[in-house]
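What follows draws every value from the coordinates through simple rules; no lab data is involved. Note that this is a predicted model, so its numbers are computed, not measured. Using ideal geometry, Cβ is built from the backbone for each residue, glycine included, and neighbour counts are taken over all protein chains shown.
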Amino acid sequence: MAQLTEQESSPPRTTGSRRAAAYLHRHPGLRAGGLVTLPLLWLGLIYFVALAVLFVTAFWTVGFGTDVVRIWTLDNFTKLFEQEVYRTVILRTIMVAVAVTVIDAVLALPIAFYMAKVAGPTMAKVMVVAVLTPLWASYLVKAFAWRAMIKPGGVLEAAFGWTPGFGVTAVIITLAYLWFPFMVLPLYAGFERLPDSMLEASSDLGARPGRTLRTIALPMIVPSLIAGSIFTFSLSLGDYIAVKNVGGTTQMLGNLVFDRQATDIPFAAALATVSVVIMVIYLALVRRTGALDNL
């Protein structure tokens, strides 16, 4: 056997990078923290700081012209709740968001169940692609397409002799279409995780498909349903482009914020704060059910 040279037989030199790598290897928590620190800092900068500025601006006022006067005041929030028009807009926005969420859930449940538990592998993939395909199109294209279909004399009236026209109904229909994939995909993932043995056992015990879905499947996919509802509710709550396109004279929080930011930034910030507060309340109520812990 050839004699090893001194360089080959000596252990590798310990460098600073090797010591750092060894230290991180012994502390996986520190390693994970290092990986997520920069993304979290960036998220905090572009989201939480902007949110803080929004809240602060809501307590200022506007002087002559459009100049923001930095005087602490509750006048913006007082105007929101004292004037009936703004109370009506807030209530209408919440009702539209709830209606869109309920419609999407009712439509998505059977489709997601069929995709996950009934359809074959090929058909399931085709249906997933079909659900995802609308997301490839521009939001503006879809919004203007629905405007062309809903308007008097448009596609719906020409094909079926009826159209809802511009208004709240058109807003709900358009938003339900736009956010439908965000409800289907979480439900599909939830149904996929549901063991087939439970459904088979329910069927063996004599339960009909409807009862199996109602008593076995639905209680177990509540976290997925909650996840989908967070998307549809929050996106509907802040939408303003679809409302502008198909809402006619209908006003919602999103387009009020868009209109007021050109003339009264603090009041627009107060309007936007209402949307944030509504969403925080919704998440707090959902958290009390324990559904978020199982996502």
Please list, ordered by chain and number, the residues whose modelled amide H lies under 5 Å from the amide H of T61; skip anything fewer than 5 residues away on the same chain.
V69, I71
By a straight-distance test (C-alpha under 21 Å), which lysines pair with K125 as possible cross-link partners, with residues fewer than eight away in the same chain excluded?
K117
Cα gyration tensor shape for region 139-182, rounded if a/c is under 1.5, else prolate or oblate
prolate
State the extension gain, in nm to one decimal, for the chain segment bounded by K125 and R193, taking 0.36 nm per residue of separation less the distance between their alpha-carbons.
22.9 nm
Let me have the 222 nm mean residue ellipticity of the chain computed from DSSP H runs of 4+ only, each contributing -39500 (n - 2.57), with the sum over all residues rounded to the nearest 500.
-22000 deg cm²/dmol
Anchor K142: lysines whose Cα lies under 21 Å away (excluding residues fewer than 8 positions away in-chain)
K151, K244
Using the basic label-point model (7 angstrom from Cα toward the beta carbon), what is the R87 to L140 distance in nanometres?
3.9 nm
Sequence of W136, W146 once ranked by neighbouring C-beta atoms within 10 Å, starting from the fewest:
W136, W146
Can you list the HN-Hα couplings for region 255-261, worked out from phi with the Karplus curve (6.51, -1.76, 1.60; θ = phi - 60°), rounded to whole Hz and with x for Gly and Pro?
6, 5, 4, 4, 5, 6, 5
Does the chain come out rounded, prolate or oblate by the C-alpha gyration tensor, with a ≥ b ≥ c the root eigenvalues, rounded set by a/c under 1.5 and, if not, prolate when a/b is larger than b/c and oblate if not?
oblate
